[in-house]
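Readers should treat all values here as calculations from the given coordinates under stated rules, not as data from a laboratory. Owing to the predicted nature of the structure, the values given are computational and were not obtained by experimental measurement. We place every Cβ from the backbone using ideal geometry, glycine too, and count neighbours over all the protein chains shown.
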Amino acid sequence: MINKIWVFISGKRSIRAQLIWAIFLSFIITMLVNSMIPNQFYMPLNLLLFIATFIVFFIIFTRHIVRSLSEVSNGLMSIAGGDLNYRLPVSRQDELGNVSQNVNHMAQQLQEQVERERQLERSRMELITGVSHDLRTPLTSIIGYLDLLKKQAFRDENEQARYINNAFNKSQQLKKLIDDLFEYTRLSRGDVQMNFQEVDFRNLIEQMVSEFEPVARDQGLTLIKELSPGLVIISMDVEKMVRAIDNLLMNASKFSLLPGEIRIKLLAGENVVKLSIENKGNPITKEQEEQLFERFYKMGPTQSDMKMPSGYGLGLSIAKNIVELQGGRIWLDHNEGNYQFCIELKRTITREREE
C-alpha cells in the first residue's frame, strides 16, 4: 500500500505529475540558488538570472522525458522506413511506456501482416504455376487421344473404347479443377447469394453416401454409416452444403490407406447437429494439420490418389467457406493418422420438436 502511494506521489506512472514535480523542484532549487547570490544586481538582471537558473534545472529534471520522446520518434521513423524488426525499449511505466508498447504492438502486427501478404503472394504464384501445369497435363492428354481417334490410329474397337474412356476421364479431371477454381473465386469474393431452405439433413447424407458408395468401392474403401434416427431438419443452402460434404468425402477417399474404410457419423443434439467423416491415412505434422484448411494448400498424393481426379488444394478451403457462410464451423481431429473432419450446424426448431 505504501509503495502504491509512493508511486502515485512520485509520478512514475504519469507524465503530468513528473512535469509538475520538475516545475516544483526547479522553482525551489532556483529560489535556494538565488538566495545564496548577493542581492547587488539590478532587478531585471535578477529576474533574468532567476529564469535562466529555472530553465537549466527544468531541463535537467525533464531530460529523461525528452530522451524517451526522442527514442519513440526515432523508432517510429525506423519502422516507417521499413525496419519492422525494430522494437522500442519499454522501461517506463507512464504514458510514454504505454506508447512504446503500442508502437511495438503495431510493428508486430505490421510485420505479421506483411508476412501474411508475402505468403499469400507466394501461394498465388504457386497456384498459378500449379494450375497451369494441372490444366495443361489433362488437356494435352485429351488432345492426344482425340488426335489418335481422328486419325483412326487404333487396332480394334477395344482400343478405341479405351482411348475414348481415357479422354473422358481426363476431361472430368479438367472439369473438377475448373469447378474448384470457379467456386473458390465466388466464395472468396464474399458476395455469394445463399438459398436457404429447410431439409432433412439425415436423408441428404443417406442419399450422398449411396451415390458415393460405388466410387469408394472402386477405390477399395468401405463406407460405414452411423446416423441418428428420425428427422434432422436444418435450414441450409442444399447445393453448397452438398458441395462441401462431397469435398470432404473425396478428400477422405484420396488420402485413405487401402484397403480401408470411411466412417460417416451424424449426431443430432437438441440445438446442434454434428457430422463427422473419419478415415485412416498417413500421419501428418502439426504444422501440416494447421494448414489443411488454408487456401492453395495441397498435400502429397497417396496410393489411392492416382485413381482420383486431382485438384489443387482448394477442396477443404471451399468446404470451410461454405460451412461458415451457413453459420456453422468445421475442424479436424487428427491422431497418428486417424482423421476426423467435423461439421457442426445449428438445428432448426420445428413445430414437431416443440410439441
### Message
For the pair His64/Arg217, report the inter-label distance in nm, with labels modelled 7 Å from Cα in the Cβ direction.
### Response
8.2
### Message
Given R₀ = 51 Å, what would the calculated FRET efficiency be for Ala17 paired with Lys274, taking r from the Cβ atoms and rounding to 0.05?
### Response
0.35
### Message
Taking 0.36 nm per residue of sequence separation and subtracting the Cα-Cα distance, how much length would be gained by fully extending the chain between Asn166 and Glu121, in nm to one decimal?
### Response
12.7 nm
### Task
Quickly work out the Thr129-to-Ile178 label distance, labels modelled 7 Å from Cα along the C-beta direction, and quote it in nm with one decimal.
2.6
### Query
How far is it, in nm, from the label point at Glu261 to the one at Arg155 when both lie 7 Å from their Cα along the line to the Cβ?
4.3
### Task
Pop the C-beta distance of Leu146 and Gln193 into the FRET formula with R0 = 51 Å and round what comes out to the nearest 0.05.
0.85
